[in-house]
Amino acid sequence: MKYAYFPGCASKQLTSEYDKATRLACDKLGIKLVDIPEFSCCGAGVIRETNKDFNTALNARNFALSEKKNLDMMTICSTCVVNLRKDLIELRENNEKLEESNQYLKRFHMKCDAKLDVKHWLWVLTEDYGVEKIKKHVKIPLTGLKVATYYGCHILRPSKIVGQHQESENPDNFESFVKALGAIPVDVAGKLDCCGFHVTLTHKKDAAKMSGKYLNNTKESHADLIVTNCPFCHTQMDLYQKNSEKEFKKKFRLPVLHMSQLLCLALGFTPAEIGLQKHIVQLPDKLWERFS
């Protein structure tokens, strides 16, 4: 199994521990990640609002780089997967748009065919690799650990863009992943909602309320921790958890792990090896000691 690895801007800088844990996990599982230094930002939904055509051409270039390696793309960011796939489907379904983008690419001696696929890390693990195969690599089963699975919105919607990989209203592949590690998935209301990250700089209180609803529900469910599949969701739940505590006038103190970190714990890596010390909300001492 080999993929052109597209970590995304956030996972290379803001949440670099997610990138590190993903690489460690892939090495253990035998999944080959091919780095392409020339990859650019996917646009993150921001460029598209200003210049949609440029955003499409930007990602056509990313696709051309992957096609040159004859590889599908894999990303660990939900925002990246929805933005990349939006342009991929546009290029597949609109020959005029594909030709227009290739006109841009000609100046770089590149060409995009839009025949590759773009997959999220969760889809790679649960569909391409398979949960049964994951179980065979588990070194330290996460027995008894109650994990709240937070999907967020971009990995599920719009269904035309990403829906073929799971039921958008009732997904279960994140829970299957958690079960494969020996943990107990906890179904918490709001797990399919937006975390609020994309408005946190302009509407701080609204964003805090959006993520706070899920944090509050998780606290009441008695889950041990939250696991996310997106660096932005993680940032909103961990870095800005205090903002939600302020709005709800209560302490949550809920650890938030990237899905790769949860996987790495089950594969035998220590909390320090996967960067858990970088998180704002730390694992309770009993869990830190359990996996150290």
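Summary of values
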{"quantity": "Label zone at K146 (point 7 Å along Cα-to-Cβ), backbone N below 18 Å, the stretch 219-262", "calculated": "219-228, 251-257"}
{"quantity": "Loop sites in the stretch 245-292: trypsin sites (Lys or Arg not before Pro), DSSP, at most 16 other Cβ within 10 Å", "calculated": "K249, K250, K251, R253"}
{"quantity": "In degrees, nearest ten, helix 78-93 long axis to first principal axis of the chain (Cα)", "calculated": "30"}
{"quantity": "Within the chain, helix-based [θ] at 222 nm, where runs of 4 or more DSSP H residues each add -39,500 (n - 2.57), nearest 500", "calculated": "-13500 deg cm²/dmol"}
{"quantity": "Cα-based helix-to-principal-axis angle, 204-221 vs the chain, degrees rounded to 10", "calculated": "50"}
{"quantity": "Accessible-area order (highest first, 1.4 angstrom probe) of the listed residues K191, K68", "calculated": "K68, K191"}
{"quantity": "Alpha-carbon centroids, the stretch 213-286 and the stretch 15-66: separation in whole Å", "calculated": "24"}
{"quantity": "Dimensions in Å of the chain - Rg and Dmax from alpha carbons", "calculated": "19.0, 59"}
{"quantity": "D206 paired with V34, simple spin-label distance in nm, labels 7 Å along Cα-to-beta-carbon", "calculated": "4.3"}
{"quantity": "E93/N170 FRET efficiency (R0 22 Å; Cβ-Cβ; nearest 0.05)", "calculated": "0.20"}
{"quantity": "Equivalent ellipsoid dimensions for the stretch 114-251 as semi-axes, Å, which come from the Cα gyration tensor, largest first", "calculated": "26, 20, 11"}
{"quantity": "Mean separation of Cα contacts under 8 Å, 6 or more apart, over the residue count of the stretch 211-269: relative contact order %", "calculated": "46"}
{"quantity": "Listed pairs K28/K278; K32/K204; K20/K139; K106/K278; K179/K278; K2/K106 exceeding 31 Å between Cα atoms", "calculated": "K32/K204; K106/K278"}
{"quantity": "For the chain: relative contact order, % (alpha-carbon pairs under 8 angstrom, 6 or more apart)", "calculated": "19"}
{"quantity": "For D27, solvent-accessible area (1.4 Å; no DNA, RNA or ligand), Å²", "calculated": "130"}
{"quantity": "Whichever aspartates and glutamates have a C-alpha closer than 18 Å to that of K205, once near sequence neighbours (fewer than 8 apart) are set aside", "calculated": "D193, D238, E245, E247"}
{"quantity": "Exposure rank, largest accessible area first [S260, S168; 1.4 Å]", "calculated": "S168, S260"}
{"quantity": "Nearest-10 value in Å² for the accessible area of E273, using the 1.4 Å probe", "calculated": "80"}
{"quantity": "Listed residues A189, G130, C80: farthest to the positive end of the dipole of the chain (Cβ charges)", "calculated": "A189"}
{"quantity": "Rounded tilt (10° steps) of 95-106 against the dominant C-alpha axis of the chain", "calculated": "80"}
{"quantity": "Net charge contributed by nearby residues that have their C-beta within less than 9 Å of M1 (K/R +1, D/E -1)", "calculated": "+1"}
{"quantity": "Two-decimal log10 I(q)/I(0) for the stretch 215-292, as the Debye equation yields it once each C-alpha is a single scatterer, q = 0.26 Å⁻¹", "calculated": "-1.35"}
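The values are calculated or read from the model by the stated rules, or taken from the named source; none is laboratory data. Not measured: the values here are computed from a predicted model. Don't worry about glycine lacking a Cβ; one is built from the backbone with ideal geometry, like all the others, and counts go over all protein chains shown. Accessible surface areas use protein heavy atoms only, side chains included; no ligands, DNA or RNA. Shrake-Rupley method; radii C 1.70, N 1.55, O 1.52, S 1.80 Å.
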